[in-house]
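See below for the structure under consideration.
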Amino acid sequence: MLLAGMAGYLWLKAPYAQNEASVVALAFMSLLQQERMEQAYDLTFKRQGELSEFRDFAKRQLCTRSPMRLAWFHPPQSNGNRLRRWLHGRQLEMESLTARFEGDCLISVELRLDDMGRWRVHSFQSTAG
């Protein structure tokens, strides 16, 4: 019984992986690095203007072609936090998440849910350390 209680406690405190948001953020960064701007633009809310403006902005923000790793999401969310939200009848997903990529430089990608419940890129930028 004690072992089950400990396992449950550890699960509640464990960070939630944000799998769906991770897939979108990783795909977006990969498409940018491959200069596949139309496909990257399709993953956005298309608020950055027309495709040509998006392309110019992306080229200014993309500071490396080297592989980058998804380091973390902000705000962090635990399995216990999601369970509490579910028990209180609240939406499980956060309204906005920021994915931080690290490599030769740092890039932040803000994701938000669209009207159909899919994660979309709201904004992105290279950032200082």
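May I ask you to verify whether TRP72 is touching a Leu at 6+ places or on another chain (Cβ under 8 Å), open to solvent by 30 Å² or more (accessible area, probe 1.4 Å) and outside any loop (DSSP other than H, G, I, E, B)?
Numbers: touching a Leu at 6+ places or on another chain (Cβ under 8 Å): no; open to solvent by 30 Å² or more (accessible area, probe 1.4 Å): yes; outside any loop (DSSP other than H, G, I, E, B): yes.
Considered against the rule, which asks whether it is touching a Leu at 6+ places or on another chain (Cβ under 8 Å), open to solvent by 30 Å² or more (accessible area, probe 1.4 Å) and outside any loop (DSSP other than H, G, I, E, B), TRP72 comes out as no.
In the range 9-36, what residues are surrounded by 12 or more Cβ atoms within 10 Å (Cβ to Cβ), more than 24 Å from PHE54 (Cα to Cα) and not hydroxyl-bearing (Ser, Thr, Tyr)?
TRP11, LEU12, PRO15, GLN18
For the range 51-70, which positions are of a type outside the set (Gly, Ala, Ser), out of contact with any helix residue (DSSP H, G or I) (no Cβ under 7 Å at 6 or more places or on another chain) and more than 15 Å from VAL121 (Cα to Cα)?
Kept after step one, since they are of a type outside the set (Gly, Ala, Ser), are these residues of the range 51-70: 51, 53-57, 59-65, 67-70.
Retained after the next criterion (residues that are out of contact with any helix residue (DSSP H, G or I) (no Cβ under 7 Å at 6 or more places or on another chain)): 53, 56-57, 59-61, 63-64, 67, 69.
Within the range 51-70, GLU53, ASP56, LYS59, ARG60, CYS63, THR64, PRO67, ARG69 meet the criteria.
Only one of SER126, SER66, SER78 is open to solvent by less than 40 Å² (accessible area, probe 1.4 Å) and touching a residue at least 24 places away in the same chain (Cβ under 8 Å); which? Working first, answer last.
Values: SER126 fails: open to solvent by less than 40 Å² (accessible area, probe 1.4 Å); SER66 fails: open to solvent by less than 40 Å² (accessible area, probe 1.4 Å).
SER78 is the lone residue from the list that is open to solvent by less than 40 Å² (accessible area, probe 1.4 Å) and touching a residue at least 24 places away in the same chain (Cβ under 8 Å).
Filter the range 63-84 down to the residues that are out of contact with any Phe, Trp or Tyr (no Cβ under 9 Å at 6 or more places or on another chain) and over 25 Å from GLY117 (Cβ atoms) and list them by number.
CYS63, THR64, ARG65, SER66, PRO67
Report, ordered by the first and then the second residue, all pairs with beta carbons closer than 9 Å, sequence separation of six or more or different chains, a first member in the range 95-107 that is closer than 11 Å to SER126 by Cα, and a second member that is at pLDDT 95 or above and of a type in the set (Val, Ile, Thr).
ARG100/VAL109; PHE101/VAL109
How many residues does the range 85-119 contain that are more than 21 Å from ALA71 (Cβ to Cβ) and crowded, with 18+ Cβ neighbours inside 10 Å?
Residues that pass the stated criteria total 1.
Do you know which residues across the range 42-63 are open to solvent by less than 80 Å² (accessible area, probe 1.4 Å), assigned to a loop (DSSP other than H, G, I, E, B) and touching a His at 6+ places or on another chain (Cβ under 9 Å)? Before the answer, list the steps.
Step one: list which residues in the range 42-63 are open to solvent by less than 80 Å² (accessible area, probe 1.4 Å), which gives 43-45, 48-49, 51-52, 54-55, 57-58, 61-63.
Applying the additional criterion that residues be assigned to a loop (DSSP other than H, G, I, E, B) yields 43, 45, 48-49, 62-63.
If the condition is that a residue be open to solvent by less than 80 Å² (accessible area, probe 1.4 Å), assigned to a loop (DSSP other than H, G, I, E, B) and touching a His at 6+ places or on another chain (Cβ under 9 Å), then PHE45 is the only one that fits.
The values are calculated or read from the model by the stated rules, or taken from the named source; none is laboratory data. Because the structure is predicted, anything quoted here is derived from the model rather than measured. Heads up, the Cβs are rebuilt from the backbone with ideal geometry, glycines too, and the neighbour counts pull from every protein chain shown. Heads up: the accessible areas ignore ligands, DNA and RNA and are worked out on the full protein's heavy atoms, side chains in. Shrake-Rupley method; radii C 1.70, N 1.55, O 1.52, S 1.80 Å.
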